[in-house]
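First the structure, in the form of structure tokens, and then the observations on it.
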Amino acid sequence: MKKKLIKLTVIFFIFIGSFSNASSVEGKIKIGMLVPMTGENKEIGDLIIKSARLAVLDINSDKLEIYPKDTRSNPDKALESAKEFRDMGINIVIGPVFYKSLIYLDEIVDMTFISLTNKTIDIPSNVITGGVNASSQVIAIKKFIEENEIKKAIFLTPKIDYEQEIKKAIKKSKIKISKHYIYDTEPTKLTAQIEKITNYKIRKQNLLDEIKRLENSNLINKEKKIENLNKRDTLGGINFDSVIIADFDESLKSVATSLLYTDVSSKRVSYITLNQWFDNSLLKETSLHPIYFPSINKENYKSFEEEYSKAYGTKPNQLSFLSYDILGLVYFLVYSNDFILDKKIFYKKNKFKGKIGIFEIDKNVITHQLNFYGVNDQNFTKIF
């Protein structure tokens, strides 16, 4: 049986007109927001609040009210603000933004928090995580490698706290990979590890041995063959046909540089990475092209970016895009439940379609059905 797909079109795409007719229902839908409003992440919190207000305008219902409170990106302050929401009679909260701010929230069992974090391990039972998590991304990568008949993919993951999320995603998605390597991000150690993974020293020695063999041979055309070999860096095959790099920004580029150094280019194997949120710096890294990654719907993100910029004169970030969809989701679920605020509405398994794409709530995790993109010729190209 096919699962019902509910469009939230903020939003939701179709419901805007009908939402405005809900004003005859008594009472208000009061949604709390736990975001950093002071401290080093104040700008992030500001973008998220503005995005939520934009969603409220688009929903166009006098029933919906949002109440932001500060977390200072601190778990103690997050708990304090959450208790203030409870005293106000608000039991549904968007946020906190960061994983570290969640740790004490299970003290308030009668409240539901929809966090923007993309982490899913050791989450309090009353928190739903709404970020684009590793499982959503690996599921999309699995689809890509299956459709392209990639048989020997290897997975490279940095030795950081996100490592466990990747391991969980690999297991949950049942993606078929040849091997999973954990690497050190320190440049010297990284290069040494990549050399070992790619059998670089063996392939380098193979090349030197073959040149020496030809030099000592009596072959008539050996000079031409030696000339061609001298243009190469290595000789011999590698035991994988694609490499999935679970990294970002400069660290991602460092891994790719090490692969290029060991004569494993994106022309030889498929380079695949995680959601890069259409980082324009990738367009300039032509030595990495083509490189592929899962992500949200690019056209919808661009449309949201234009709407946000028109309203506020600045560009949004990825978290503000998530908060826009999540607020619409909360309103839609409450609307569908006759405006009764009940945490059970978040645990009915349905698929929804928001601006970010198709997603569903499974237990306390929002899983996104992501698109897939390639970077080549300084363009982002949609694969599916």
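Before moving on, here are some points about what is shown:
- Flag for GLU65 being exposed (fewer than 15 other Cβ atoms within 10 Å of the Cβ) and either modelled with pLDDT of 95 or more or not in a loop (DSSP other than H, G, I, E, B) (or both): yes
- Applying the set (1) out of contact with any Phe, Trp or Tyr (no Cβ under 7 Å at 6 or more places or on another chain); (2) part of a loop (DSSP other than H, G, I, E, B); (3) crowded, with 17+ Cβ neighbours inside 10 Å to ASN239 leaves exactly one unmet item: (3).
- Residues in the range 101-147 that are of a type in the set (Ser, Thr, Tyr) and part of a strand (DSSP E or B) were compared, and the one that is nearest to LYS174 (Cα to Cα) is THR129.
- Flag if LYS179 is charged (D, E, K, R), surrounded by fewer than 16 Cβ atoms within 10 Å (Cβ to Cβ) and over 19 Å from ILE272 (Cα atoms): no
- Summed over the range 219-235, residues that are at pLDDT below 95 and either within 19 Å of ARG268 (Cα to Cα) or assigned by TED's automatic domain parsing to the domain that holds TYR162 (or both) total 0.
- Residues satisfying the stated conditions in the range 255-282, i.e. of a type outside the set (Val, Ile, Thr) and surrounded by fewer than 19 Cβ atoms within 10 Å (Cβ to Cβ): LEU260, TYR261, ASP263, SER265, LYS267, ARG268, TRP277, PHE278, ASP279, ASN280, SER281
- Subset of the range 137-163 (residues that are in contact (Cβ under 8 Å) with a residue 24 or more places away in the chain, over 16 Å from GLN369 (Cα atoms) and under 15 Å from the mean Cα position of the chain (by Cα)): THR157, TYR162
- So SER73, is it modelled with pLDDT of 95 or more, part of a loop (DSSP other than H, G, I, E, B), farther than 21 Å from ILE166 by Cα and over 19 Å from the mean Cα position of the chain (by Cα): yes
- The one condition in (1) at pLDDT 95 or above; (2) in contact with a strand residue (DSSP E or B) (Cβ under 8 Å, 6 or more places away or on another chain); (3) buried (at least 18 other Cβ atoms within 10 Å of the Cβ) that TYR308 fails to fulfil: (2)
The values are calculated or read from the model by the stated rules, or taken from the named source; none is laboratory data. Bear in mind the structure is a predicted one, so any value in this text is a computation, not a measurement. Cβ coordinates were reconstructed from backbone atoms using ideal geometry, including for glycine residues, and neighbour counts include every protein chain displayed.
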